[in-house]
Amino acid sequence: MIRNSFLVLITAGMAWILLDAVSGYQSREYLNDLSGYYATSGPEETGAANLVTAVVVTYRGLDTLGEVTILFLTATIIGFMLRTSKRREGSVRRATSEVLVTASNVLIPVIFLIGVYIFLNGHLTPGGGFQGGAVLASAMILWIMSQSGTKVSHSLLEITEAISGFGFVFLGLLGIILAGGFLDNTFLSLGTFGKLISAGAIPVIYSLIGLKVGAELSNIILVMNETQEAEQ
Amino acid sequence: MNLPGIEYLSLGLGIVLFLAGLWGIIHQKNIIKIIISFSVLDTSIHLILVSIGYMRNRTAPIIDSAVSKTDAASQVVDPLPQALVLTAIVIGVGITALMLTYALKLFNEKGTLEIDKFKSLKW
Amino acid sequence: MSYTFIVIIMGIIMLVMAFTAIYHKNLKVAVIASGIISLFASVIYIFLAAPDVAITEAAIGSALTVVIFFYVLNKIRLTDDTK
């Protein structure tokens, strides 16, 4: 009883803090200076039609690098913690249903294609590396569920992830040498605004981010799946 | 009838979900339940951030036929909170998976996930 | 203005789902309820003019997270018959 009233007190205090923080909130009429700068000069400077992509890849590119690093660390720690050597002997696999196998044979290539489409067009339409990577990982879930007999190679995922991570940092460093600063995309030609091959290095960098995020999320799923079959 | 705008509604919804998630984290005894409450709290924070970036009668921050390139600053919503939430969602799934891994390890070690039954840290 | 009603209805459903996620005894139901919260939040992001965030939340919050939860729940249920 005392514990519960204490917890209610904590929640009420948090509610008071939050209400105090948002009580003066008014729906804004104008962008503030920083966002106004991104909206006004973003299309000119980066050539990307999607302003969110311009912010994520170039203006706040260092944040994205840190974010990808955090994801890499979590994937590595999960792989390390759930590392399993022994497989349960004689465990009978439940056969995958015919409907799932047939449907996934049709759907997996389409889902992969959608994922690649999303991150290739990240500078023009809604979407980008994170979304495309998540779609690739969901294709991976379907693959693991339907093809329960085949083994997916870990090293392929690791090589994909290593190459794309290296490429991301390498392109960022090229920005220092050839253009204004780290992750500056203007060392490639900005091209025609609104075309697929435009916006300098943004499509390349975002595709690498997409591959990296997709490989990391797939790796987490794969390790989780392997624990299902392993012994305690 | 004068209804509030959707940014106020989603802000209020985000705050209520935040409090619900916080209550779940401090009140529940099962570790899986605590992680579920954490993911509710995570979603609520994203909702609050996105609704702070919203502005009325404006459109998504993408330059196309509806938004002119020169006058974008008066036609689009704030792109900055959206970019931050984008990375926050991806980090959120990594953190949730990490917490679940620790919970699984703890379960293999102790055979239970009720935090009342862990005696080894009590004195 | 019709968006307002949709947001109110979805908000009520999200609050019910939050209650379910926190208090339901069955962990599977709780996990699915938290997935539904993410799914409806992604619809609200569309109304708030944030399509990028909506795609991410729909793919990650309501699909990947739920699948990872289910892998762990399955492993816990295999060895623990009391729950």
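The values are calculated or read from the model by the stated rules, or taken from the named source; none is laboratory data. The structure displayed is predicted, hence computed values, not measured ones. Neighbour counts run over all protein chains shown; Cβ positions are idealised from the backbone, glycine included.
Things to note:
Results for (1) within 18 Å of B:Ser74 (Cβ to Cβ); (2) polar (S, T, N, Q); (3) touching a helix residue (DSSP H, G or I) at 6+ places or on another chain (Cβ under 7 Å); (4) touching a residue at least 12 places away in the same chain (Cβ under 8 Å), shown as yes or no for each residue.
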site: A:Ser27; (1), (2), (3), (4): yes, yes, yes, no
site: A:Tyr30; (1), (2), (3), (4): yes, no, no, no
site: A:Asp33; (1), (2), (3), (4): yes, no, no, no
site: A:Gly36; (1), (2), (3), (4): yes, no, yes, no
site: A:Thr40; (1), (2), (3), (4): yes, yes, yes, no
site: A:Pro43; (1), (2), (3), (4): yes, no, yes, yes
site: A:Ala48; (1), (2), (3), (4): no, no, yes, yes
site: A:Thr53; (1), (2), (3), (4): no, yes, yes, yes
site: A:Val57; (1), (2), (3), (4): no, no, yes, yes
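- Selection status of C:Ile68, surrounded by 21 or more Cβ atoms within 10 Å (Cβ to Cβ), under 27 Å from B:Asp78 (Cβ atoms) and within 14 Å of chain A (Cβ to nearest Cβ): no
- The range B:63-72: number of residues that are hydrophobic (A, V, I, L, M, F, W, C) and either at the interface with another protein chain (Cβ under 7 Å from one of its Cβ atoms) or within 19 Å of C:Val43 (Cβ to Cβ) (or both): 2
- When residues in the range B:68-81 are screened for being part of a loop (DSSP other than H, G, I, E, B) and in contact with a Ser or Thr (Cβ under 6 Å, 6 or more places away or on another chain), 1 of them pass.
- Matching residues, the range A:1-60, being under 22 Å from B:Leu47 (Cα atoms) and among the acidic types (Asp, Glu): A:Asp20, A:Glu29
- Unmet requirement for C:Val16, which otherwise passes all of (1) over 24 Å from B:Leu86 (Cα atoms); (2) in contact with a helix residue (DSSP H, G or I) (Cβ under 6 Å, 6 or more places away or on another chain); (3) modelled with pLDDT of 90 or more: (2)
- Flag if B:Lys119 is facing another protein chain (nearest Cβ under 7 Å), at pLDDT 75 or above and surrounded by fewer than 13 Cβ atoms within 10 Å (Cβ to Cβ): no
- Residue check, B:Ala60 at the interface with chain A (Cβ under 8 Å from one of its Cβ atoms), over 21 Å from B:Val40 (Cα atoms) and not charged (D, E, K, R): yes
- Complete set of residues in the range A:125-147 that are away from chain C (no Cβ under 12 Å) and either part of a helix (DSSP H, G or I) or of a type in the set (A, V, I, L, M, F, W, C) (or both): A:Trp143, A:Ser146
- Top-ranked residue of the range C:1-23 - restricted to ones that are surrounded by 17 or more Cβ atoms within 10 Å (Cβ to Cβ) and more than 8 Å from chain B (Cβ to nearest Cβ), ranked as farthest from B:Ile36 (Cα to Cα): C:Met10
- In the range B:9-57, residue nearest to A:Asn4 (Cα to Cα) [restricted to those that are free of Cβ contacts under 8 Å to residues at least 24 places away in the same chain, at the interface with chain A (Cβ under 9 Å from one of its Cβ atoms) and of a type outside the set (A, V, I, L, M)]: B:His27
- Of all residues in the range A:207-224, none that is at positive phi has its Cβ atom under 8 Å from the Cβ atom of a residue that is at pLDDT 85 or above and hydrophobic (A, V, I, L, M, F, W, C), 6 or more apart or on another chain.
- For C:Leu73, the requirement of being of a type outside the set (Phe, Trp, Tyr), at the interface with another protein chain (Cβ under 9 Å from one of its Cβ atoms), out of contact with any His (no Cβ under 8 Å at 6 or more places or on another chain) and surrounded by fewer than 21 Cβ atoms within 10 Å (Cβ to Cβ) is met.
- Count of the range B:73-93 residues which are modelled with pLDDT under 80 and more than 9 Å from chain A (Cβ to nearest Cβ): 0
- Among the residues of the range A:107-123, just one is in contact with a strand residue (DSSP E or B) (Cβ under 8 Å, 6 or more places away or on another chain) and either within 11 Å of chain C (Cβ to nearest Cβ) or surrounded by fewer than 22 Cβ atoms within 10 Å (Cβ to Cβ) (or both), namely A:Gly122.
- The set of residues in the range A:195-224 that are modelled with pLDDT under 80 and either surrounded by 17 or more Cβ atoms within 10 Å (Cβ to Cβ) or under 30 Å from B:Glu109 (Cβ atoms) (or both) comprises A:Ser198, A:Ala199, A:Gly200, A:Ala201.
- Looking across the range B:34-50, just one residue is surrounded by fewer than 22 Cβ atoms within 10 Å (Cβ to Cβ) and over 30 Å from C:Tyr3 (Cα atoms), and that is B:Ile34.
- Test for A:Arg3: is it surrounded by 11 or more Cβ atoms within 10 Å (Cβ to Cβ) and of a type in the set (D, E, K, R): no
- Scan of the range A:148-187 for residues that are small (Gly, Ala, Ser) and either crowded, with 19+ Cβ neighbours inside 10 Å or assigned to a helix (DSSP H, G or I) (or both), ordered by number: A:Ser155, A:Ala162, A:Ser164, A:Gly165, A:Gly167, A:Gly172, A:Gly175
- Criterion applied to C:Ala59, C:Ala49 was being at the interface with another protein chain (Cβ under 7 Å from one of its Cβ atoms), modelled with pLDDT under 90, over 26 Å from A:Gly214 (Cβ atoms) and buried (at least 21 other Cβ atoms within 10 Å of the Cβ), and the one residue passing it is C:Ala49.
- Taken over the range A:24-59, the residue count meeting the criterion of being assigned to a loop (DSSP other than H, G, I, E, B) and buried (at least 21 other Cβ atoms within 10 Å of the Cβ) is 4.
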